[in-house]
Amino acid sequence: MSESDPREHEDSAQTEAHTEAVPFDPFADDDDEFDTEATTGPMTVDSGEKSRREALSTFRQRRGIHRRGATVAGGMVKLPFVSPTDPETATIDPAEAVARGVEAPTLEPGDIVASQYEVLGPIAHGGMGWIYLATDHFVADRYVVLKGMMAAQSEHERAVAESERAFLAEITHPGIVKIFNFIDDPRSEGGFIVMEYAGGPSLRSRRRKMNGTLDVDTAIGYILEILPALDYLHSRGVVYNDLKPDNIIITEDQVKLIDLGAVTGIGAFGHIFGTKGFQAPEVSTTGPTVASDIYTVGRTLASLIVKLPVENGVYAPGLPTPDEEPLFREYLSLYRLLLRATHPDPEARFPTAAAMSNQLMGVLREILAIRDGRHYPHLYTRFTAQRSTFGTKHIVFRTDQLLDGIKRSVQISAPEIVAALPTPLTDSDDPGAGLLSAASYTEPSEVLYTLEMAMKQPEMSGSVEIPLSMVRAKLDLGLTGEAIRQLDELSDRLKNDWRYHWHSGVAALLSSDFVNAQSYFNRVLNILPGEPAPKLALAATDELLLQQQGMNNVRLLNQETTRAASALAFAQRVPVDDYSSVPSWDHITQDPIALRFHAMRLYGLVWATNPTTVSSAFGLARQLNAEGLVDTAVAALDRVPQNSRHQRLARLTTILLLVGSTGSLSESRIRRAARRLELLPTNEPRLQQVRLAVMSAGLTWIRERSAQGKTPISRASLFDVPFNERGLRTGVEASLRSLARQSPFARHRYRLIEMANMIRPQTLF
């Protein structure tokens, strides 16, 4: 080719392009003449430099201008904007601390450290001495923090210190203050660490300003912002060690961890710094671990939302019980989360900061639903969605007995509960995850054979999902005994795995061992307090226990406790002082009173959090109806969304609830039931049966009133018949004869005709 390709020149130009300055002079077009010689000299500031300084000054000044706060936690929480602290006023007078016996600061205002940092004064006193605010004269006079480091007592400790400096210098996370430098200085035996100045109040100061506690959603929002930073540290092989409200800074719309002086490697030994009341009790024996950091997170969150007991000037171990703390009575899942995070056994805590964050998100979702009635879609990370519904058809389908004479139960059963409950999602990191995803759409018998063959392969020996999937397949095939035996074989290996307890609970349900099922599901709830699945399973198990005891339709709760439990159906905050009728906040119980209370609360929690879990709405309605709260039960079912395929079934159920209890019948309820029925489409298959039920209830009520010498308040007709005894007898008779013509069995058809003849009004001619 004699001529070059123009595209080659084009590519070459793009390759060589680089950032360059474009001259800009706003005064270039001015006609005014200046004496440049008079205005220039060795002290003259370039106009560009002057403008850059002005821009930097404006940038710094506007940090404190109020802006919108940060929206965090998937849009569920809006953290307030907090104006940063003016560095000129951040320093404190150390005289008061010195008077209490604290050593005097080694650095004074005006001192120069490393020929670079000018000390402005102390800003706080920590476990390793005074913390100073300084100006970095080498980098735009920015504000930095100087913090002394622990002195090495031996060559080994000196080597450890050097190693810690090395990995601290590598930490880069937006939720952690930046480390700029390490300085050896004779005024501090361990030298100084130079860090970013966050310039905001600590969570402790914020808590003090809010009268001792923060709003629970705000506190959770702050912790959710901190947990990714801790997860980052853990992924890099280090632990923070000293999390507490003092070390969490809020500046503008950011949340940052400060004070990295206590950061060590996982399992490090030597001087492990922490704060009493927050530090995990096992650190002195096990060293710093991820579990010990999780403990500090739980203690920090608890200190932000409740007033923890104090002993000898520090927070005492443990948490207030729900009997002692109203907040925990209202948000029981939050209490369970804190119990797990601060469990005395490190193995029982959340395994990672990400796992805790996941459950905390679920707890927050529940809190907002209860407190504010705000609903956020549940993100399924541990369980599938509910596979079907249970307990939704029994009351309505019972009316089919009028048509065919076949008796139907109104009680729920364990198999239908198991068929409806969600199933655990497969762990993608498990060796058998790929095999299970390929076998997910095959028959249970085929799945079982495939998994049995797979378990013989050496590379699958470490799989947890495969043996649990084998258990699930056996349960689906009705081989409950074999499934239980396999679970027994896995108990030692998987005793701390929530999936093992879930499948054990399902197996116990199918074998009618409701007591053990309750224990297993309670264990799952303790491990996963933010998940709705164990709450739903536990509520259903409590209801099965009530049925087993013959107490499912008996009033058990006093008025105060009933108000507390039923309020959750509508996300209401009802103060209740007397919880004496609830023997324990632990769900391990066979006491009918506690079973009813927990069933109501758990059904209500699931329903308040996710209006698509229709099984919980019907379960709540059954418990409310058993306590005589018919109108409240109706209101709970009225919340079934219009676009739900169960909405018509819910409407029919409310009609039957209104007229189902003879002891609470009234003209108002009868007419409300009739109006609800008239709004249903005429093609509803059970319209005739339900209409008969309403008229029969009206006839019963009128006869009771007549025996007392009373008459109905209104003379308006019920459906198309007069609202009196004769009119209702005529209507019931016509409905019975209509059902007789539809009955598939001759014997029952004759029975219906006999009933119609018995109920018809007396002929007067």
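Say whether the condition of being closer than 26 Å to Pro377 by Cβ, in contact with a helix residue (DSSP H, G or I) (Cβ under 9 Å, 6 or more places away or on another chain), assigned to a loop (DSSP other than H, G, I, E, B) and touching a residue at least 12 places away in the same chain (Cβ under 8 Å) is met by at least one residue in the stretch 595-607.
No: zero hits.
Before we move on, is Val410 at pLDDT 85 or above, touching a Lys or Arg at 6+ places or on another chain (Cβ under 8 Å) and outside any helix (DSSP H, G or I)?
yes
Condition first: in a helix (DSSP H, G or I) and of a type in the set (Lys, Arg). Now tell me which residues in the stretch 473-504 satisfy that.
If the condition is that a residue be in a helix (DSSP H, G or I) and of a type in the set (Lys, Arg), then Lys474, Arg485, Arg493, Arg499 are the ones that fit.
Taking into account only those residues within the stretch 458-472 that are under 30 Å from the mean Cα position of the chain (by Cα) and assigned to a loop (DSSP other than H, G, I, E, B), which is farthest from His501 (Cα to Cα)?
Here the residue is Ser463.
Sort out for me the helices (runs of 4 or more DSSP H) sitting completely within the stretch 259-362 that have 1 or more residues that are closer than 22 Å to Asn522 by Cβ and at pLDDT 95 or above.
Counting at least 1 such residues, we get 290-305, 332-341.
Table: residues versus (1) in the same structural domain as Leu227 (by TED's automatic domain parsing); (2) buried (at least 18 other Cβ atoms within 10 Å of the Cβ); (3) under 10 Å from the mean Cα position of the chain (by Cα); (4) touching a residue at least 24 places away in the same chain (Cβ under 8 Å).
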| residue | (1), (2), (3), (4) |
| --- | --- |
| Tyr331 | yes, yes, no, yes |
| Arg336 | yes, yes, no, yes |
| Ala341 | yes, yes, no, yes |
| Pro344 | yes, no, no, yes |
| Gly362 | yes, yes, yes, yes |
| Ile367 | yes, yes, yes, yes |
| His378 | no, yes, yes, yes |
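From the list Arg100, Arg62, exactly one residue is modelled with pLDDT of 75 or more and either over 30 Å from Thr609 (Cα atoms) or in the same structural domain as Arg365 (by TED's automatic domain parsing) (or both). Which is it?
Residue meeting the stated conditions: Arg100.
Report whether or not Ser581 is more than 24 Å from Ala533 (Cα to Cα) and either at pLDDT 90 or above or in contact with a helix residue (DSSP H, G or I) (Cβ under 6 Å, 6 or more places away or on another chain) (or both).
Yes.
Take Leu243 and decide whether it is within 25 Å of the chain's Cα centre (by Cα), surrounded by fewer than 23 Cβ atoms within 10 Å (Cβ to Cβ), in a loop (DSSP other than H, G, I, E, B) and not hydroxyl-bearing (Ser, Thr, Tyr).
no
Of the residues Ala507, Ala537, Ala517, which single one is modelled with pLDDT of 95 or more, in a helix (DSSP H, G or I) and touching a Phe, Trp or Tyr at 6+ places or on another chain (Cβ under 7 Å)?
Only one candidate qualifies: Ala537.
Of these, Gly274, Gly318, which one is buried (at least 18 other Cβ atoms within 10 Å of the Cβ), outside the structural domain of Arg165 (by TED's automatic domain parsing) and farther than 18 Å from Leu224 by Cα?
Gly274
The values are calculated or read from the model by the stated rules, or taken from the named source; none is laboratory data. From a predicted model like this one, the values you see are computed outputs, not experimental measurements. Virtual Cβ from ideal backbone geometry, glycine too; neighbours counted across all protein chains shown.
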